[in-house]
Amino acid sequence: MEPTNQPSRRGLLFSVAASTLVAACGGGGGGGSSSGGGGSSSSSSSSASSSFSPTLPDPATAPALKVHFASHFKIGFAVDPGLTSQSSTNAILLKHASTLTAESVMKANPIGVSAGVYNFTEADALITFAEANGISVRGHALVWHQTSPSWFFDGDRSDMATYRALVRGRLETYITDVVTHFRGKVYGWDVVNEVTSDDASATYRNSEWYQIFGADFIDYAFRAARVADPGVKLFINEYSTEDAGKRGRLMTIVQGLIDRGVPIDGVGHQMHINTGYPSAAQVTAALTDVEAKGLINHITEMDMSVYNDPGSCYSGTGCQAVLTPGTTAFNTAMTTQALKYRELFNVFTAHASVESVTLWGVADNHTWLDAYPITRKNYPLLFDQMGDPKAAFWAIVDPAFVP
């Protein structure tokens with residue numbers, strides 16, 4: 001993610017309004033009718049993101065990512081059902097994805113309508129698509145402070161012991177019912193998401209869950225998920241794991257879970273980053289710290305902004321100027337992005353503990369970064385707006401490719 005002197009891009013995004021934005025993006029984005037992902041008959045130079053490089057290989061020759069990385073990890077994308085039927089996106093998913101993550105439709109809001117009442121329609125549609133096409137699914141996310149419906153917390157707090165028992169029961173019932181519903185259909189769950197404090201003076205995020213239970217709600221969630229599906233892999237998911245301070249607090253939480261015998265299998269590293277940060281050494285440190293705990297690593301939400309904004313941008317000032325396709329600045333950004341993707345994928349393939357890599361989005365026609373931290377077109381993914389492979393794609397599949 002961004003350097004530590006900047007606010008959390010991921011944390012700031014998911015205000016109530018921003019959560020609505022992401023949910024709305026499920027059917028998202030413009031984009032062309034090209035089949036993309038190697039199935040397009042158009043030249044990659046026909047699209048905005050690759051216009052700088054008419055020498056990019058023919059998209060039809062692009063190797064399938066799921067085959068290229070099969071000996072290392074699953075690879076895929078975060079989508080919601082609407083994207084699975086768009087022509088360019090569909091072609092990319094079918095050719096390249098061995099794993100999918102629901103961008104929004106497996107969160108507690110919208111699944112948890114009320115206590116004991118669930119809406120699985122959209123989530124089931126994604127599962128149906130994945131199963132029909134031999135693609136695995138990661139579950140995301142059972143407990144997240146930003147998408148926990150208010151009914152979880154309803155009740156009289158004058159007797160806190162009784163109130164805690166009531167809310168704990170709702171949490172455990174919700175997790176049991178949801179994980180049971182998807183048992184055998186997902187291979188891993190982000191059980192808790194973003195529970196680590198961004199403030200060095202505290203270990204845990206001061207969410208409503210934490211205010212009620214302290215750290216105990218994390219234990220409740222993992223234990224309920226394990227009972228509901230003994231075979232699924234269970235993860236704690238977090239952003240800015242590349243930052244040593246933030247990761248230190250996360251590792252304190254993880255070690256506490258291990259010490260208490262809580263059933264945790266791995267750590268998810270979101271990897272919302274930019275072309276200037278983090279370094280390969282920082283990512284390596286994040287992976288090796290998890291390995292030292294005997295746990296699995298998943299890269300869960302990777303995208304790479306082409307803008308390296310100062311901290312002031314997150315308050316609305318000083319943001320980098322919009323990059324225009326075809327300009328020298330844009331071309332340089334695409335080259336830098338390609339080299340950074342290569343650098344980090346080389347780190348991932350060097351670590352057997354990395355068992356899954358997920359891009360947060362499929363192609364540049366649909367990305368949350370178009371609206372964050374300001375409204376401005378971004379180009380953070382491996383495929384361009386037409387669905388053709390970008391320089392970043394070729395950089396991770398061909399060590400001889402020169403961006």
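Pairs meeting the criteria (first residue in segment 368-386 and closer than 18 Å to LEU65 by Cβ, second residue of a type in the set (Asp, Glu) and surrounded by fewer than 24 Cβ atoms within 10 Å (Cβ to Cβ), beta carbons under 7 Å, at least 6 apart or on different chains) are PRO380/ASP303; LEU381/ASP303.
Within segment 335-344, can one find any residue that is open to solvent by less than 40 Å² (accessible area, probe 1.4 Å), touching a helix residue (DSSP H, G or I) at 6+ places or on another chain (Cβ under 7 Å) and under 22 Å from VAL290 (Cα atoms)? Yes, the conditions are met somewhere in segment 335-344.
Considering only residues that are part of a helix (DSSP H, G or I), over 30 Å from GLY261 (Cβ atoms) and open to solvent by 50 Å² or more (accessible area, probe 1.4 Å), which ones fall in segment 275-311? If the condition is that a residue be part of a helix (DSSP H, G or I), over 30 Å from GLY261 (Cβ atoms) and open to solvent by 50 Å² or more (accessible area, probe 1.4 Å), then ALA281, GLN282 are the ones that fit. Scoring ALA125 on the criteria (1) out of contact with any Ser or Thr (no Cβ under 7 Å at 6 or more places or on another chain); (2) buried (at least 22 other Cβ atoms within 10 Å of the Cβ) leaves a single failure, condition (2).
Within segment 363-388, the set of residues being open to solvent by less than 20 Å² (accessible area, probe 1.4 Å) and either of a type in the set (Gly, Ala, Ser) or in a helix (DSSP H, G or I) (or both) comprises ALA363, TRP368, LEU369, GLY387. Each residue in segment 366-377 was checked for being at pLDDT 95 or above and closer than 17 Å to PHE77 by Cα, and 3 of them qualify.
Residues in segment 57-103 that are over 11 Å from ALA130 (Cα atoms), open to solvent by less than 10 Å² (accessible area, probe 1.4 Å) and assigned to a helix (DSSP H, G or I) were compared, and the one that is modelled with the lowest pLDDT is SER88.
Cβ-Cβ distances below 8 Å connect the following pairs, each with a first residue in segment 100-119 that is in contact (Cβ under 8 Å) with a residue 12 or more places away in the chain, a second residue that is in a loop (DSSP other than H, G, I, E, B) and charged (D, E, K, R), and a separation of six or more residues or different chains: ALA102/ASP80; GLU103/ASP80; SER104/ASP80; VAL105/ASP80.
For segment 236-245, state whether one or more residues are of a type in the set (A, V, I, L, M, F, W, C), within 24 Å of LEU344 (Cα to Cα) and either open to solvent by 10 Å² or more (accessible area, probe 1.4 Å) or touching a residue at least 24 places away in the same chain (Cβ under 8 Å) (or both).
Of the residues in segment 236-245, the ones of a type in the set (A, V, I, L, M, F, W, C) are 236, 244.
Those still in the list that are within 24 Å of LEU344 (Cα to Cα) too: 236, 244.
With the extra rule that they be either open to solvent by 10 Å² or more (accessible area, probe 1.4 Å) or touching a residue at least 24 places away in the same chain (Cβ under 8 Å) (or both), the set shrinks to 236, 244.
Among the residues of segment 236-245, at least one is of a type in the set (A, V, I, L, M, F, W, C), within 24 Å of LEU344 (Cα to Cα) and either open to solvent by 10 Å² or more (accessible area, probe 1.4 Å) or touching a residue at least 24 places away in the same chain (Cβ under 8 Å) (or both), which makes the answer yes.
Listed by first and then second residue, the pairs with beta-carbon distance under 7 Å, at least 6 apart or on different chains, first residue in segment 313-332 and without any contact (Cβ under 8 Å) to a residue 24 or more places away in the chain and under 16 Å from THR275 (Cβ atoms), second open to solvent by 50 Å² or more (accessible area, probe 1.4 Å) and not small (Gly, Ala, Ser), are GLN320/ASN308.
Within segment 201-214, residues that are modelled with pLDDT of 95 or more have Cβ atoms under 7 Å from residues that are open to solvent by 50 Å² or more (accessible area, probe 1.4 Å) in these pairs: THR203/THR252; TYR204/TYR210; ARG205/HIS145; SER207/HIS145; GLU208/HIS145; TRP209/HIS145; ILE212/ARG164; PHE213/ARG164, counting only partners at least 6 apart in sequence or on another chain. Every test in (1) assigned to a helix (DSSP H, G or I); (2) at pLDDT below 95; (3) not β-branched (Val, Ile, Thr) is passed by TYR341 save one, and that test is (2). On the stretch given as segment 313-334, residues that are open to solvent by 50 Å² or more (accessible area, probe 1.4 Å), part of a helix (DSSP H, G or I) and either hydroxyl-bearing (Ser, Thr, Tyr) or in contact with a strand residue (DSSP E or B) (Cβ under 8 Å, 6 or more places away or on another chain) (or both) total 3.
Per this entry, TYR220 is not counted among residues that are of a type in the set (Phe, Trp, Tyr), within 22 Å of the chain's Cα centre (by Cα) and modelled with pLDDT of 95 or more.
Per-residue answers, yes or no, for (1) under 20 Å from the mean Cα position of the chain (by Cα); (2) surrounded by 13 or more Cβ atoms within 10 Å (Cβ to Cβ); (3) modelled with pLDDT of 95 or more:
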residue	(1), (2), (3)
PHE129	yes, yes, yes
GLY139	yes, yes, yes
ASP154	no, yes, yes
THR162	no, no, yes
LEU166	no, yes, yes
THR176	no, yes, yes
ARG183	no, yes, yes
VAL186	yes, yes, yes
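When you look at VAL262, is it modelled with pLDDT of 95 or more, farther than 26 Å from GLY231 by Cβ and in a loop (DSSP other than H, G, I, E, B), yes or no? No. For segment 348-362, the criterion of being in a helix (DSSP H, G or I) and either among the β-branched types (Val, Ile, Thr) or touching a Ser or Thr at 6+ places or on another chain (Cβ under 9 Å) (or both) is met by at least one residue.
Of the residues that sit in segment 246-274 and are under 16 Å from VAL354 (Cα atoms) and among the β-branched types (Val, Ile, Thr), which one is least open to solvent (accessible area, probe 1.4 Å)?
Restricting to residues being under 16 Å from VAL354 (Cα atoms) and among the β-branched types (Val, Ile, Thr), the top hit is VAL267.
Kindly establish whether ASP199 is out of contact with any helix residue (DSSP H, G or I) (no Cβ under 7 Å at 6 or more places or on another chain), under 25 Å from MET251 (Cα atoms) and open to solvent by 60 Å² or more (accessible area, probe 1.4 Å).
In short, yes.
Residue pairs whose Cβ atoms lie under 7 Å apart, sitting 6 or more positions apart in sequence or on different chains, and linking a residue in segment 344-362 that is farther than 17 Å from ALA78 by Cβ and free of Cβ contacts under 8 Å to residues at least 24 places away in the same chain to a partner that is of a type in the set (D, E, K, R) and open to solvent by 20 Å² or more (accessible area, probe 1.4 Å), do not occur here.
The values are calculated or read from the model by the stated rules, or taken from the named source; none is laboratory data. Predicted model only: the values in this text are computed from it and were never measured. Every residue, glycine among them, receives a Cβ derived from its backbone with ideal geometry; neighbour counts consider all protein chains shown. The area values use the complete protein model at the heavy-atom level, side chains included, leaving out ligands, DNA and RNA. Shrake-Rupley method; radii C 1.70, N 1.55, O 1.52, S 1.80 Å.
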